[in-house]
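Please find one structure pasted underneath; my questions will follow.
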Amino acid sequence: MKKYDLNSIPELLNNNEISEEEAAQYMAVFIQENHKVFLLDSKEKDFISDVILYFLERAVPFIKKFDSSYGSFFNYFYCFIKSAKKTIKRKKHGKTLSDYHSLTESILGYSYKQEIWSNLDYKSTSLPLKPKIPYRYNKIDVEAFQIACHSDEYKITKYTDKAEDENSQVAKLFEKFSPMKVKKILLVLALKSAWYIEDYQIRIISEICGLKYNILLDVIQSLKEELTVRIEHKKELEIRRNKAYYHRRTYSNLIQYLKDDNDYFSREKLKIVTHKYIRHTESWNNLNLSFRKGVINIRPTNKTVSEIMGICERQVSYYIRNVHELYFG
């Protein structure tokens, strides 16, 4: 390989005396042979190789951006290698912290599962420790299954009996209210829980209140469509809560890492990370508290329910308060 004056490389490129590849290779060899000029330790061969690769990936645009009015090409080249060293070190330390965080989370997850498994009491269960799943079974027809269901041999409890028992319990709770008031309370609850209510519940309420099932279903469906904004808002808050928890765990591990490696990181860095840990912990706790209190539940407003039922907003609040007092005292 021919030897060139390093400061003359941009001019040689402009005159087409050497190609871009030749210039990049010559400068890479210069780094390898004169690594001490760039304060690169000869013992860290892998780090020197990383610096050379980093330079080769950016060599052509780097040379083209050179402006002789700011100084010599060597100073420009030296500053680039100095910046490359810092970038590579920062990425390596970032990867080290990420690996440390992943390892810590894995250990915590394993410890948590180990604690759960150790507390399992297999003796109290009637199932065998290693249940065997049959790979063959005999098919039965519908008539045989119906006969089996009505047979006392299988001791199958009828769902209708259970439903009747539950209905009787509900009837006892509402026995002090008039039939008209019970209907209004059920309608208010159905509309307020529009996002969560199921089809069979809508059918039961429509029969009790003397309404057509399709009409009540259409009203609840329209309420669901109006709640899309609240749903998106709740999803955004859930994402924020999950991110806050992730950053909280990350900064917690980073604090421990900084405490164990005081030689490299300064005390100021530890203060900054601690402040971020406190901030994300507070955010995570506040969002969890909001979810527990039901502040972010997906439900229509009392005003919307009152407009649908043709009553005032205070009556809606009154019916909800009656149910709350009935169940919780």
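The values are calculated or read from the model by the stated rules, or taken from the named source; none is laboratory data. Owing to the predicted nature of the structure, the values given are computational and were not obtained by experimental measurement. When we count neighbours, we look across all protein chains shown, and the Cβ atoms used for this are built from the backbone with ideal geometry, even at glycine. With ligands, DNA and RNA removed, areas are computed over all heavy atoms of the protein, side chains included. Shrake-Rupley method; radii C 1.70, N 1.55, O 1.52, S 1.80 Å.
Of all residues in the range 210-241, which are under 14 Å from the mean Cα position of the chain (by Cα) and either surrounded by fewer than 12 Cβ atoms within 10 Å (Cβ to Cβ) or of a type in the set (Ser, Thr, Tyr) (or both)? Walk me through it before giving the result.
Of all residues in the range 210-241, those under 14 Å from the mean Cα position of the chain (by Cα) come to 234-241.
Lys235, Glu236, Ile239 - these are the residues of the range 210-241 that are under 14 Å from the mean Cα position of the chain (by Cα) and either surrounded by fewer than 12 Cβ atoms within 10 Å (Cβ to Cβ) or of a type in the set (Ser, Thr, Tyr) (or both).
Residue-wise test of (1) in contact with a helix residue (DSSP H, G or I) (Cβ under 9 Å, 6 or more places away or on another chain); (2) over 30 Å from Asn253 (Cβ atoms); (3) free of Cβ contacts under 8 Å to residues at least 60 places away in the same chain.
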| site | (1), (2), (3) |
| --- | --- |
| Glu20 | yes, yes, yes |
| Lys36 | no, yes, yes |
| Val60 | yes, yes, yes |
| Ser72 | yes, yes, no |
| Phe80 | yes, yes, yes |
| Lys95 | no, no, yes |
| Thr104 | yes, no, no |
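Here's a follow-up. Any residue at all in the range 129-150 that is open to solvent by less than 70 Å² (accessible area, probe 1.4 Å) and either modelled with pLDDT of 65 or more or touching a His at 6+ places or on another chain (Cβ under 8 Å) (or both)? Talk me through it step by step, then tell me what you get.
From the range 129-150, those open to solvent by less than 70 Å² (accessible area, probe 1.4 Å) are 144, 148-149; that's our starting set.
Then drop every residue that is not either modelled with pLDDT of 65 or more or touching a His at 6+ places or on another chain (Cβ under 8 Å) (or both), which leaves none.
No: the range 129-150 contains no residue that is open to solvent by less than 70 Å² (accessible area, probe 1.4 Å) and either modelled with pLDDT of 65 or more or touching a His at 6+ places or on another chain (Cβ under 8 Å) (or both).
Find the residue count for the range 311-324, including only residues that are open to solvent by 40 Å² or more (accessible area, probe 1.4 Å), more than 37 Å from the chain's Cα centre (by Cα) and either under 18 Å from Val182 (Cβ atoms) or of a type in the set (A, V, I, L, M) (or both).
2
Of all residues being part of a helix (DSSP H, G or I) and touching a residue at least 24 places away in the same chain (Cβ under 8 Å) in the range 38-58, which is farthest from the chain's Cα centre (by Cα)? Just the residue, please.
This residue is Phe38.
Only residues that are under 20 Å from Asn7 (Cβ atoms) and open to solvent by 20 Å² or more (accessible area, probe 1.4 Å): list them for the range 38-51, please.
Scanning the range 38-51 gives no hits.
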